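The values are calculated or read from the model by the stated rules, or taken from the named source; none is laboratory data. Quick caveat, the model's predicted, so the values are computed rather than measured. Backbone-built Cβ (ideal geometry, glycine too); neighbour counts: all protein chains shown. The accessibility values were calculated without ligands, DNA or RNA, using every heavy atom of the protein model including side chains. Shrake-Rupley method; radii C 1.70, N 1.55, O 1.52, S 1.80 Å.
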Amino acid sequence: QVQLVESRGGLVQAGRSLRLSCAASGSIFGINAMGWYRQAPGKQRELVATITSGAVTNYADSVKGRFTISRDNAKNTAYLQMNSLKPEDTAVYYCNVKELGFSRRSDYWGQGTQVTVSS
């Protein structure tokens with residue numbers, strides 16, 4: 001069982017920074033990935049960034065060079081540092097954990113938090 005607790009987003013001006021965190025209350029087993037997806041009004045939910053248990057990262061092209069994802073396994077927590085924010089980053093951000101093992105494949109979602117970037 002895994003439950004995800006996301007930090008609150010916020011309202012920031014373009015060019016500013018914001019950090020999100022996501023803490024897993026339960027154990028994450030085996031090969032896994034933690035990260036964020038986001039969904040803007042009227043749009044499909046899209047991947048923002050993920051980081052695997054092997055520290056392999058993946059970023060959406062739109063955030064490369066601006067966002068950095070990291071994880072602290074001792075705290076069972078992932079962090080998304082968002083720099084140089086743009087209005088198009090405005091969305092609800094959902095933390096996600098995927099267990100990727102052959103014997104345990106699961107998908108967990110946080111409740112989501114609003115990030116709004118003003119011009």
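From (1) under 23 Å from Arg8 (Cβ atoms); (2) of a type in the set (S, T, N, Q); (3) not in a strand (DSSP E or B), pick out the condition that doesn't hold for Thr116.
(3)
Are any residues in the stretch 30-84 basic (Lys, Arg), at pLDDT 95 or above and loosely packed, with under 14 Cβ neighbours inside 10 Å, and if so, which ones? Let's see the steps before the verdict.
Restricting attention to the stretch 30-84, the residues satisfying the condition of being basic (Lys, Arg) are 38, 43, 45, 64, 66, 71, 75.
Those left that are additionally at pLDDT 95 or above: 38, 43, 45, 64, 66, 71.
Across the stretch 30-84, the qualifying residues are Lys43, Lys64.
Please go through the stretch 88-100 and pick out each residue that is in a strand (DSSP E or B) and of a type in the set (Asp, Glu). Walk me through it before giving the result.
First, pick out the residues of the stretch 88-100 that are in a strand (DSSP E or B): 91-100.
Of everything in the stretch 88-100, just one residue is in a strand (DSSP E or B) and of a type in the set (Asp, Glu), namely Glu99.
Where the second residue is open to solvent by 40 Å² or more (accessible area, probe 1.4 Å) and of a type in the set (Val, Ile, Thr) and the first is farther than 16 Å from Gln3 by Cα and touching a residue at least 40 places away in the same chain (Cβ under 8 Å) and lies in the stretch 73-98, which pairs have Cβ atoms under 6 Å and are six or more apart or on separate chains?
Gln81/Thr68; Thr90/Thr116
Out of (1) touching a helix residue (DSSP H, G or I) at 6+ places or on another chain (Cβ under 9 Å); (2) in contact (Cβ under 8 Å) with a residue 60 or more places away in the chain; (3) assigned to a loop (DSSP other than H, G, I, E, B), what's the single condition that is false for Ser62?
(2)
Among (1) within 21 Å of Gln114 (Cα to Cα); (2) free of Cβ contacts under 8 Å to residues at least 60 places away in the same chain, where does Ala24 come up short?
Of (1) within 21 Å of Gln114 (Cα to Cα); (2) free of Cβ contacts under 8 Å to residues at least 60 places away in the same chain, only one is false for Ala24: (2).
Can you go through Ser84, Ser103 and tell me which one is in a loop (DSSP other than H, G, I, E, B), polar (S, T, N, Q) and on the phi > 0 side of the Ramachandran plot? Don't jump to the end; show me each part of the working.
Values: Ser103 fails: on the phi > 0 side of the Ramachandran plot.
Sole residue among the options that is in a loop (DSSP other than H, G, I, E, B), polar (S, T, N, Q) and on the phi > 0 side of the Ramachandran plot: Ser84.
Go through the stretch 18-29 and report how many residues are in a strand (DSSP E or B) and either among the aliphatic types (A, V, I, L, M) or modelled with pLDDT under 95 (or both).
Our first condition is that a residue be in a strand (DSSP E or B); within the stretch 18-29, this holds for 18-24.
From the residues that got through so far, the ones that are either among the aliphatic types (A, V, I, L, M) or modelled with pLDDT under 95 (or both) too are 18, 20, 23-24.
Count: 4.
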